[in-house]
Structures are given as structure tokens and as C-alpha cells.
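Please treat every number below as a calculation from the coordinates, not as lab data. Computed from a predicted structure; not experimentally measured. Heads up, the Cβs are rebuilt from the backbone with ideal geometry, glycines too, and the neighbour counts pull from every protein chain shown.
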Amino acid sequence: MVEKEQAKAAVETIIRYIEGADGTLREGLSRTPERVIESFSEIFNGYSEKPSEVLDATFNAEGYDGIVLLRDIEFHSTCEHHLQPFHGRGHVAYIPTDRIVGISKLARILETHARRLQNQERITKGVADDLEAHLKPLGCAVILEASHGCMQCRGVKKQNSIMTTSQMRGVFFDKSEARTELMQLIRSAPL
């Protein structure tokens, strides 16, 4: 396992590479390696969280069998290919059988997956997999829309492009009526 001091030294090496410097880091950069490693602890804390612990507290659905949707969940992640940030919003839905979960858990499960080195497709699939495994719903759906730094700051430099990924499971996959209702709920006007 890489130790904190090794990680700081690696960041310092990268800074020297960027600046073309051989000597001591200038004043503005002298504490940057330490700050970067501290920020990584927060940005990548998804590795220390277990989805099963996020979704462990469920409640009796008391016969509720409609769509449960938390939409417009902000998320931030880091592209594993270029270490560039990407961010956007997610919509997470399920139709319970006999158990429901607190709404904050839907945001937290997305956050758990997003706070790792990722690609958008894996986040989308991971959230759907966890909902299916822990809630056993009639169906679940995860839709993510995001802007990617690797598209905006380098390469093709397309500032306004949005990538959308989705996973539809159970009734959301099998029944077009359920998908249509879900999409209407997502598109409804904000409060």
C-alpha cells in the first residue's frame, strides 16, 4: 500500500514535471502536495464506504407500490482515464415490493459510487446493481447526465456536451408504461 509521504512525493514530481522545475517548489506550490493528498481523502472517500451499509436501513413499504424517485441529485466524480473531473445530475428510482429506504440513502448510494476513480457507465450500473440487490424492487432505474472535463479541457474541447447513461431494470425495462411515467416525473417542473 502506498503511504501518505509517497503519495505527496508523487504529487511533487508531477508538479515539477508540469512546471519544468528541477529545484525546490516555489512558495505558492510548496504545500500543494499536502493539500492535494488531503483533498483526495474527501474526493475519493467512496472507496471507504460500502453500498450495503448505505442501504442497510430499510422500512416497511406499508403497501406502497408506486414509483419512488429522487431526481436532480448533484454528483461529482473523477474520470479514471484522464483524472479529469466530471459532474452532473442523477435520477434514481425504484418501485418497492415490501421495503423502502430513506431518500437520503438514494443520494448517498450515488455519491458512494461517484467518489471513486470512475467512468459514468460504471456508476450508473453500480447504483442499479445495489438497489436491486438490497431492496429487491419490482424495478429500478438510474439515469445520469454529466459534463466531462476530459471533453471540455482537452481533446475535442466540446464545452456544452452532456453524456447520458441509463440502467432500466425490472418493470422499467419490461414495461414501456412504467418507463414513460418515470420520464414524465423526471421532466416535471421543479418546485
Karplus-derived 3J(HN,Hα) from phi for the range 66-82 (6.51 cos²θ - 1.76 cosθ + 1.60, θ = phi - 60°), whole Hz, x at Gly and Pro, runs x, 6, 10, 10, 10, 10, 6, 7, 5, 9, 9, 9, 10, 5, 6, 7, 10
Could you state the number of Å between the C-alpha centres of the range 157-188 and the range 13-91?
24 Å
Taking only the alpha-carbon atoms of the chain, the convex hull volume per residue, in cubic angstrom, is 151 Å³
At most 15 other Cβ within 10 Å, DSSP loop - trypsin sites (Lys or Arg not before Pro), the range 117-191
ARG154, LYS157, LYS158, LYS175
With +1 assigned to the C-beta of every Lys and Arg and -1 to the C-beta of every Asp and Glu, and no other charges, what is the dipole magnitude of the range 4-43 about the Cα centre in debye, to the nearest 20?
0 debye
Go through SER147, LEU135, LEU117 and say which Cα lies farthest out towards the positive end of the charge dipole of the chain; charges sit on Cβ, +1 for Lys and Arg, -1 for Asp and Glu.
SER147
Which three extents, in whole angstrom, do the alpha-carbon atoms of the range 4-43 cover along their principal axes, largest first?
29, 18, 15
For the chain, what is the number of Lys pairs with C-alpha distance below 29 angstrom, counting only pairs 8 or more positions apart or on separate chains?
13
Diffing the range 137-152: the Karplus 3J(HN,Hα) column from phi (6.51, -1.76, 1.60, θ = phi - 60°), in whole Hz with x for Gly and Pro, holds x, 5, x, 9, 9, 9, 10, 10, 10, 8, 9, 10, x, 5, 8, 8
Could you derive backbone 3J(HN,Hα) for the range 104-110 from the dihedral phi with the Karplus parameters 6.51, -1.76 and 1.60 (θ = phi - 60°), listing whole Hz in sequence and x where the residue is Gly or Pro?
5, 5, 5, 5, 5, 5, 5
Who wins for biggest fluctuation among ILE100, ILE14, ILE123 in a Gaussian network model of the chain, springs between alpha carbons below 10 Å?
ILE14
What size of dipole, in debye to the nearest 20, comes out for the range 140-191 about its Cα centre when the only charges are +1 on Lys and Arg C-beta atoms and -1 on Asp and Glu C-beta atoms?
320 debye
How large is the charge dipole for the chain, taken about the Cα centre, if only the Cβ atoms of Lys, Arg (+1) and Asp, Glu (-1) carry charge, to the nearest 20 debye?
500 debye
Divide, for the range 27-111, the radius of gyration over alpha carbons by 2.2 N^0.38 Å, where N is the residue count.
1.48
